[in-house]
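Comments concern the structure below.
The values are calculated or read from the model by the stated rules, or taken from the named source; none is laboratory data. Since this is a predicted model, take the numbers as computed values, not measurements. In this analysis, Cβ positions are derived from the backbone assuming ideal geometry, glycine residues included, and neighbour counts consider all displayed protein chains.
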Amino acid sequence: METLLKDINDSDRIWIYQANRRLNAEEINAVMSSGKDFVANWAAHGQQLRADINVINHLFVVVNLDEKQAIATGCSIDKSVGWISALGAKLGIDFLDRRQVAWMDEEEKLQISNIDEFEALAGQGQLTGETMVYNNLVFSGKEIKNGWLVPASESWHNRFFKVETSA
């Protein structure tokens, strides 16, 4: 993963589309091929956008955009969502289900749960604030490098872990 992230500039704008299941090699090739075609033609108000696509951990499609050259607009962002949605429909994969949570178990294996399952596991004490989770809300290259895989207590996931206070 670090190898792929090193080519992302700290100032790049990031979008992360998490698949609802792990991708196989054929699907990764389809995503990369389609993604390369998409970014080669991606523009905002007629100005070419300089972007790249990566698939990380057989689960995440990461789009990074060099906004020093040109900034994405609402229409261009809509086009990227349309691209990933159409690709997902073609492949039978949901890349837009924001109710999916990716996290690392005690053996450091990547797990995927829907948010209700994640909350139940947290409530049962099987997950803690120290559980490493992928925070797909990161916005920049710097954030993806430093704040994408973090303890749940340092992410929006922290709401699932009750903190006991003494009275």
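Only a single item in (1) outside the structural domain of Lys36 (by TED's automatic domain parsing); (2) more than 21 Å from Leu5 (Cβ to Cβ) is not met by Ile144, and it is number (2). For the stretch 118-161, residues that are out of contact with any strand residue (DSSP E or B) (no Cβ under 8 Å at 6 or more places or on another chain) and among the acidic types (Asp, Glu) total 2. Going through the stretch 1-13 one residue at a time, which ones are closer than 29 Å to Asn114 by Cα and either out of contact with any Leu (no Cβ under 8 Å at 6 or more places or on another chain) or hydroxyl-bearing (Ser, Thr, Tyr) (or both)? Selection gives Met1, Glu2, Thr3, Leu4, Leu5, Ile8.
Considering (1) under 22 Å from Ser80 (Cα atoms); (2) touching a residue at least 24 places away in the same chain (Cβ under 8 Å), the lone condition that Glu119 does not fulfil carries the number (1).
Do any helices (runs of 4 or more DSSP H) lying entirely in the stretch 1-91 carry at least 2 residues that are among the charged types (D, E, K, R) and closer than 25 Å to Leu110 by Cα, and which ones are they? Ranges flagged: 25-40. Assuming Leu110 fulfils every condition listed in (1) surrounded by 13 or more Cβ atoms within 10 Å (Cβ to Cβ); (2) more than 25 Å from Trp156 (Cα to Cα) apart from one, which condition is it? Result: Leu110 passes all but (2).
Per-residue answers, yes or no, for (1) at pLDDT 95 or above; (2) surrounded by 14 or more Cβ atoms within 10 Å (Cβ to Cβ):
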site: Arg13; (1), (2): yes, yes
site: Ala19; (1), (2): yes, yes
site: Ile28; (1), (2): yes, yes
site: Gly35; (1), (2): yes, yes
site: His58; (1), (2): yes, yes
site: Leu65; (1), (2): yes, yes
site: Lys68; (1), (2): no, no
site: Ala86; (1), (2): yes, no
site: Ala102; (1), (2): yes, yes
